[in-house]
Amino acid sequence: MHTLYFVLALVAYYTLHSLLAADGVKASLTQIISQRYYRLLYNGLAAGLLVVVFILYFLVEKTPLWTPNPVLPYPGALLALAGISWAVRALKRYNLDEFVGLEQLRTGQKPKHNKLITRGLNGHVRHPLYFGTLLIITGALFIFPTDAMFAFALISTIYLVLGSRLEEKKLVTQFGEAYRKYQREVPMLVPFRWKRLRV
């Protein structure tokens, strides 16, 4: 199977994932599907389709990006493990019942987020879960340096950047000046800022 099919499937997956998370689409669909079930169904669909995408990844013919190097997988594994560790720590800040959809299933209500969290990992980067994911993706590319993995890393990175920007708009609307101040003080995706060189 050609890599192009995998790329198209991945783009379709991320597009659908973003559409179903958009406020306007959610508002329309929750007229048909109860708010109680929406998040649970959304996550179930996302997980099921992601399995399909990964099956396609394993089925496509892959071309190595460079001559195999026995050393590169080791820093790749360290990056991926660092990303997993960071992502697990980031998830501890989430209400996992709400994240999965179990809280909505119990209450039948949309969760209310009235508190802006700027401590812990959120004090280093505004989207710590996404940063952990970027580390995992980069590490995976060093471990499996193929055209298919490069396509996965590139498209996923673009999706995370665009997704972060869309999420930022919602957060500015929700928290106003408090979030704008947070944006000025803390980087969005990578926990450091490039300093301009003074000439």
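The values are calculated or read from the model by the stated rules, or taken from the named source; none is laboratory data. No experiment lies behind these values; they were computed from the predicted model shown. Cβ atoms come from the backbone with ideal geometry, glycine included; neighbour counts cover every protein chain shown.
Could you check region 73-99 and list, in sequence order, the residues that are of a type outside the set (A, V, I, L, M, F, W, C), in a helix (DSSP H, G or I) and under 23 Å from Q183 (Cα atoms)?
Taking region 73-99 and keeping what is of a type outside the set (A, V, I, L, M, F, W, C), we get 73-76, 83, 85, 89, 92-95, 97-98.
With the extra rule that they be in a helix (DSSP H, G or I), the set shrinks to 73-76, 83, 85, 89, 97-98.
Result: G83, R89.
Scanning region 114-129 for residues that are exposed (fewer than 14 other Cβ atoms within 10 Å of the Cβ) and farther than 21 Å from R184 by Cβ yields a single hit, N114.
If you go through region 126-177 and keep only what is within 16 Å of the chain's Cα centre (by Cα), under 24 Å from H2 (Cα atoms) and acidic (D, E), you end up with nothing. Of the residues making up region 23-51, those that are outside any helix (DSSP H, G or I) and either in contact (Cβ under 8 Å) with a residue 24 or more places away in the chain or in contact with a His (Cβ under 6 Å, 6 or more places away or on another chain) (or both) number 1. So is G108 exposed (fewer than 12 other Cβ atoms within 10 Å of the Cβ) and over 16 Å from F150 (Cα atoms) or not? It is true that G108 is exposed (fewer than 12 other Cβ atoms within 10 Å of the Cβ) and over 16 Å from F150 (Cα atoms).
Remark: P145 matches the filter, which requires a residue to be touching a strand residue (DSSP E or B) at 6+ places or on another chain (Cβ under 7 Å) and surrounded by 19 or more Cβ atoms within 10 Å (Cβ to Cβ). For region 52-72, a residue qualifies if it is assigned to a helix (DSSP H, G or I) and either of a type in the set (A, V, I, L, M) or exposed (fewer than 11 other Cβ atoms within 10 Å of the Cβ) (or both), and the qualifying residues are V52, V53, I55, L56, F58, L59. Please determine whether any residue of region 58-72 is within 30 Å of K26 (Cβ to Cβ) and of a type in the set (K, R). No. Determine whether V60 is among the aliphatic types (A, V, I, L, M), in contact with a Ser or Thr (Cβ under 6 Å, 6 or more places away or on another chain) and modelled with pLDDT of 90 or more. Answer is yes for this residue. Looking across region 100-135, the residues that are modelled with pLDDT of 85 or more, among the charged types (D, E, K, R) and outside any helix (DSSP H, G or I) come down to R119, R126.
Given the criteria of a type in the set (A, V, I, L, M), free of Cβ contacts under 8 Å to residues at least 24 places away in the same chain and in a helix (DSSP H, G or I), does V172 qualify? If you could, list the steps in order and put the result at the bottom.
Values: of a type in the set (A, V, I, L, M): yes; free of Cβ contacts under 8 Å to residues at least 24 places away in the same chain: yes; in a helix (DSSP H, G or I): yes.
So V172 passes the test.
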